[in-house]
Amino acid sequence: MSQAESSFVRKQMLPQATPPIAETGVLKWLRENLFSSPANALLTVVAIYVVYQLVVASAPWIVNGIWVSPSLSACREMLDGKVGACFAVLTERWNQLLFGFKYPSELYWRPGLAFILLFVAAAPLLFFKFIPSKFLVLTGLYPFVAYWLIWGGTIFIPLFALLGVLVGAYVYKKTLFASAGMAVIAGFLAALIFWILSGYVIPDLETVMVLQPVESRDLGGFMINLMLGVTCISLSVPFGILLALGRQSSMPIIKWICVVFIEFIRGVPLITLLFVANVVLGYFLPPGTSFDLILRVIIMITMFASAYIAEVIRGGLAALPKGQYEAADSLGLDYAQAMQFIILPQALKISIPGIVNVAVGLFKDTTLVSVISMFDIVGMIRGPILASSEWNGVYWELFGFAAVLFFVTCYGISQYSQWLERQLQTDHH
Amino acid sequence: MAAEEKVQVSDKAAVEITKMNKWFGTFHVLRDIDLTVYQGERIVIAGPSGSGKSTLIRCINALEEHQKGSITVDGTVLSNDVKNIDRIRSEVGMVFQHFNLFPHLTILENCTLAPIWVRKTPKREAEDVAMHFLTKVKIPEQADKYPGQLSGGQQQRVAIARSLCMKPRIMLFDEPTSALDPEMISEVLDTMIQLAEEGMTMCCVTHEMGFARKVANRVIFMDEGQIVEQNEPEEFFNNPKSERTKLFLSQILGH
Amino acid sequence: MTTATDPPKASFHVSQLIYDTRYRSYTFQFIALILLIMAVAYLGGNLLQNLARQGQNISFGFLSDPAGYDINQRPIEYDSQSTHLRAAFVGVLNTLIVAVLGCVTATILGVTAGILRISPNWLVRKLMAGYVEAFRNVPVLIWILIIFTIMTAVTPAPSAFRGDDPASNMLFGAFAITNRGGYFPAPIWGPGSSVVGLTFLASIFGAIYYRRYATKLLYDTGKLLPMVWPALLILFVPTILVYFILGQPITFDYPALAGFNFQGGIHVRGSLLALWLALAVYTGAFIAENVRAGIQAVDRGQTEAAASLGLRPRRIMNLVILPQALRVIIPPLISQYLNLTKNSSLAIAVGYMDVTGTLGGITLNQTGRAIESVLLLMLFYLAISLGISAIMNIYNNSIKLKER
């Protein structure tokens, strides 16, 4: 190669050129995304056909839908042979689908308000990075307010329950400095003592500051699904933490108690646990006491969720580098201090997406209570509504409505979880 | 002697290890270790990987349990009593290879956590002490950041400051520079040298032989769980006695 | 000098029980054990008191009493005079049937959907995402009920298949889905069918052997034989030949209308069809996500490295991507099987007589033996779960070893 060929100096810089026409615009997108190869083109055609069929099958049904009608037969008359939905069942029976058929209709505002407040209460927890932590007070108050709104009765029951928690928290805070381990126990005992004592006072206050009481068995509809989901998940997180720590423990007896509990619960279907709540649990309670079915169901679902949450948190604990434990040890922190200040805050943060997954699954599973003849939304549909003479045979509209309710809630939660995961990934490291 | 120019070593023992043995399962990691570290003394422990040098200093603050022999730290015999273990740990600072800062706490919170909860120092005072030591390791301006936002060298200096905040009488360093990028090693070593000059009792497991020459009173060479040779740095490097030591030195100083 | 492990005996204090690392774990465990025993004793005491008050006892004797109820889908002989134990056993078999059918179908659906979810085709990707999200975010019970409704309220009655111009036609003249369930052709094993079966079995081994041989040839001599087509030929040609040479020994009994209902063929009840389909489609959505995640978990660099070595796309998939992806996919896949089996207990909502329907349903209600029935029911599911997790552990350990 001669000198002239191998050496080169550019005299003029090239300007940026536009790409060839095939490389831009809709055509390029279509070719790359839908028709990149014969097989791909075939897939596209099949997919378009499927979408077409879905649209053809459902569009007239939705468009022709009747929204006002007293019964299915009236609906059919109005449709006059056309294909169409009878959404009138929703406009007629929405209250039963949401609140059950026995909840006094003049009190719907109470669970409705509790539902709206749920968002206010959940926000500081869900968006903890954007909302100052002092608003967590609202989250803490919510269970007591919601209980009072839904069940009614004297305000002193939720109030004393709240005071018990506050007393426990106060004792915890005061003893924390002396010993982090004893503080947990002392706080718990203080709350327990307060509750037991207040149990003697409450009967005298039954008539003070009363909202019209509603019996547990009068609750129903989607409200039950939401209530069971929220209650059981919130209760199961602390139990899940304890079980996970127990399972990680180096003490064989404690470890095996936790392992057996977790694996047993995870090994059986939720429905068998609901059977336990329905027909077996009563045998294990002191003779003469009777628990609400709803309370028994809450106990069993909480046990169920705790086992799953424990496994999620165990994963979080295992994901922490060993160095974190060693660093805490080397500074002289004891077990309870290391857990509360170093290990759990980090492990829980890692576990949030997993916990949200469990929550979504559990929320969907609350429909199983319809099998033990509780009237949640599925129970309402299969029971009172489909059995009524007006609406016997309206399947799609009802099941579709329930499916949409669940879809909106669960899809929303899982989108939130994915958003949160992205947030946590970019978090400081 | 070179060492005596740099230090005043008291004849009171800071750490006294007698006939200490440790097994991992059936593997005999530490065999009949006898070692006394005097107050104000700086010791560098060297040796090939797997020789048990990290395990040795981790035994001193009971991160590892030993099975035979005794360890006395600052006059307290290391026993199975948890209160005793916690007391010794609060007297002994430890710096890890991977820093082990708490990523969910700010730099300042990292430094004040143990003083507040273990030493029961009032928060305000703990923060003043923390800022003092952060200034000393030359990163006071990072106090409100999180560990993940700092470079490796800065993190390791925070880790040193975090240990110092407990006002320890002895500092243990477990390969403090091994996980660092080359350009960050010197800033950590400078901090350690400064500490040495102030008379802190130090046990360092490290491969930084320059550091050993400069600050150590004694270099201890370990292999196969035993102390093979110990000597003053000059003697150790210029005139090693054992064949194993010679081989080791030729390997790490070979290039 | 004192040693750490050997403190002077005289200095034992009660406080050592809490503060000495050697004793404190025993102390805590002892306390935990005492608390456990107290809890069990309390619950057990309540149980005994309650039983005594109601004049009941715990006994499994009822299992040998005649059940007195009928089960519509029975894989083994059973009538209302059979015992409760046999009823439970029929239920167990029914559970296993729907679980196995569901797992196989869910795997096929899920793998297909999972692969389509990462297809380069935008429309297909979106469609599959729609499928996955729709099924993952709606309770399985609602899906079971919806599909059961399709089976019972939307499918035609058998009478719709009658006449010269019927409202419904059988699929390929052999399959009919009616509101009384599905009717499928049943194979009749004529003489010589065993020979056909054995030929097919031998062909499978033949095909495997051929692939091994081809691989060995490649390793030994570097000569690469075509792998797929010859193997397929070996698999099917001999069997088809033998089938025709022996004069078609295997025939099918096609369902046919007789009066108001179909006769002949295999009758699958609508409840089983609905449960099977719903569980398969629901679990398939979860499996699709696992498959997608598994394939995407393999680093892009792996594809690039393999491509830069000159491997063709299909070989990259078979030799590099899949072996790595399977390690990620299989553990969650197995736990999806477990979930499907547990969800099959929702059979009770559509009246399919699985073990929850027989033992936990009718037997429980008829005998009032709630504790015993629920306990047995739980033990059954627990045994299945533990069995499946044992398999999973073996698998996990085997891949862990290979990583070393």
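The values are calculated or read from the model by the stated rules, or taken from the named source; none is laboratory data. What you are looking at is a predicted structure, and each value in this text was computed from that prediction instead of being measured. Neighbour counts are summed over all protein chains in view; Cβ atoms, including those assigned to glycine, are modelled from backbone coordinates with ideal geometry. Quick note on the areas: whole protein, heavy atoms, side chains included, nothing else; ligands and nucleic acids left out. Shrake-Rupley method; radii C 1.70, N 1.55, O 1.52, S 1.80 Å.
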Among the residues listed as A:G229, A:G220, A:G240, the single one being buried (at least 20 other Cβ atoms within 10 Å of the Cβ), farther than 30 Å from C:T367 by Cβ and touching a strand residue (DSSP E or B) at 6+ places or on another chain (Cβ under 8 Å): A:G220
Complete set of residues in the stretch B:193-231 that are in a strand (DSSP E or B) and open to solvent by 10 Å² or more (accessible area, probe 1.4 Å): B:R218, B:D223, B:Q226, B:I227, B:V228, B:E229, B:Q230, B:N231
Among (1) of a type in the set (A, V, I, L, M); (2) surrounded by fewer than 19 Cβ atoms within 10 Å (Cβ to Cβ); (3) away from chain B (no Cβ under 14 Å) - the single one A:A319 does not satisfy: (3)
The lone exception for A:I196 - which of (1) in a helix (DSSP H, G or I); (2) within 30 Å of A:T367 (Cα to Cα) it fails: (2)
Index of the failed condition, C:A293 passing every other in (1) of a type outside the set (S, T, Y); (2) surrounded by 14 or more Cβ atoms within 10 Å (Cβ to Cβ); (3) away from every other protein chain (no Cβ under 14 Å): (3)
Within the stretch A:340-429, helices (runs of 4 or more DSSP H) holding 1 or more residues that are open to solvent by 30 Å² or more (accessible area, probe 1.4 Å) and not polar (S, T, N, Q): A:344-365, A:395-425
Candidate set from the stretch B:12-51 (those that are of a type in the set (G, A, S) and farther than 26 Å from B:Q251 by Cβ); member that is modelled with the lowest pLDDT: B:G25
Selected residue [farther than 30 Å from C:F161 by Cβ, part of a helix (DSSP H, G or I) and touching an Asp or Glu at 6+ places or on another chain (Cβ under 9 Å)] from C:A285, C:A306: C:A285
Single residue of A:G25, A:G65 found to be more than 30 Å from A:D218 (Cα to Cα), more than 12 Å from every other protein chain (Cβ to nearest Cβ) and surrounded by 15 or more Cβ atoms within 10 Å (Cβ to Cβ): A:G65
C:T105, sole failed condition from (1) in contact (Cβ under 8 Å) with a residue 40 or more places away in the chain; (2) open to solvent by 30 Å² or more (accessible area, probe 1.4 Å); (3) within 14 Å of another protein chain (Cβ to nearest Cβ): (3)
First in the stretch A:399-411 and facing chain C (nearest Cβ under 8 Å) and in contact (Cβ under 8 Å) with a residue 12 or more places away in the chain, second anywhere and open to solvent by 40 Å² or more (accessible area, probe 1.4 Å) and not hydrophobic (A, V, I, L, M, F, W, C), Cβ under 9 Å, 6 or more apart: A:C410/C:R136
Candidates A:G181, A:G187, A:G164, A:G140 - the one that is out of contact with any helix residue (DSSP H, G or I) (no Cβ under 7 Å at 6 or more places or on another chain) and open to solvent by less than 70 Å² (accessible area, probe 1.4 Å): A:G140
Positions within the stretch A:267-282 being open to solvent by 20 Å² or more (accessible area, probe 1.4 Å), more than 7 Å from chain C (Cβ to nearest Cβ) and more than 17 Å from A:I224 (Cα to Cα), in sequence order: A:L281, A:G282
In the stretch C:369-382, the residues that are open to solvent by 30 Å² or more (accessible area, probe 1.4 Å) and touching a residue at least 60 places away in the same chain (Cβ under 8 Å): C:R369, C:L376, C:F380
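Checking the condition over 28 Å from the mean Cα position of the chain (by Cα), among the aliphatic types (A, V, I, L, M) and open to solvent by less than 30 Å² (accessible area, probe 1.4 Å), which residue from C:A274, C:A306 passes?
C:A306
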Selection within the stretch A:72-91 - open to solvent by 90 Å² or more (accessible area, probe 1.4 Å) and in a helix (DSSP H, G or I): A:R76, A:E77, A:M78
Matching residues, the stretch A:283-298, being within 13 Å of chain C (Cβ to nearest Cβ), surrounded by 12 or more Cβ atoms within 10 Å (Cβ to Cβ) and part of a loop (DSSP other than H, G, I, E, B): A:L285, A:P287, A:F291
Single match in A:T175, A:T231 (criterion: under 25 Å from A:M303 (Cα atoms), in a helix (DSSP H, G or I) and polar (S, T, N, Q)): A:T231
Selection status of A:T18, in a loop (DSSP other than H, G, I, E, B) and either facing another protein chain (nearest Cβ under 9 Å) or at pLDDT below 80 (or both): yes
Condition broken by B:P168, with the remaining ones in (1) in a loop (DSSP other than H, G, I, E, B); (2) in contact with a Ser or Thr (Cβ under 6 Å, 6 or more places away or on another chain) satisfied: (2)
Selected residue (only one of A:V56, A:V51 is within 13 Å of chain C (Cβ to nearest Cβ), at pLDDT 85 or above, open to solvent by 30 Å² or more (accessible area, probe 1.4 Å) and closer than 30 Å to C:N121 by Cβ): A:V51
Positions within the stretch B:141-162 being more than 24 Å from B:E91 (Cα to Cα), within 12 Å of another protein chain (Cβ to nearest Cβ) and assigned to a helix (DSSP H, G or I), in sequence order: B:P147, B:G148, B:Q149
Total residues in the stretch C:309-330, condition in contact (Cβ under 8 Å) with a residue 24 or more places away in the chain and either open to solvent by less than 30 Å² (accessible area, probe 1.4 Å) or in contact with a Lys or Arg (Cβ under 6 Å, 6 or more places away or on another chain) (or both): 3
Residue that is surrounded by the fewest Cβ atoms within 10 Å (Cβ to Cβ) [pool: residues in the stretch A:96-113 that are touching a residue at least 24 places away in the same chain (Cβ under 8 Å) and over 18 Å from A:M374 (Cβ atoms)]: A:P104
Selection within the stretch A:114-134 - free of Cβ contacts under 8 Å to residues at least 24 places away in the same chain and under 30 Å from A:W391 (Cβ atoms): A:I116
B:T177 being free of Cβ contacts under 8 Å to residues at least 40 places away in the same chain, assigned to a loop (DSSP other than H, G, I, E, B), touching a helix residue (DSSP H, G or I) at 6+ places or on another chain (Cβ under 7 Å) and under 30 Å from A:S179 (Cβ atoms): no
Residue within the stretch A:381-391 that is under 25 Å from the mean Cα position of the chain (by Cα) and in contact (Cβ under 8 Å) with a residue 40 or more places away in the chain present: yes
Subset of the stretch B:117-130 [crowded, with 19+ Cβ neighbours inside 10 Å and more than 7 Å from chain A (Cβ to nearest Cβ)]: B:T121, B:A126, B:E127, B:V129, B:A130
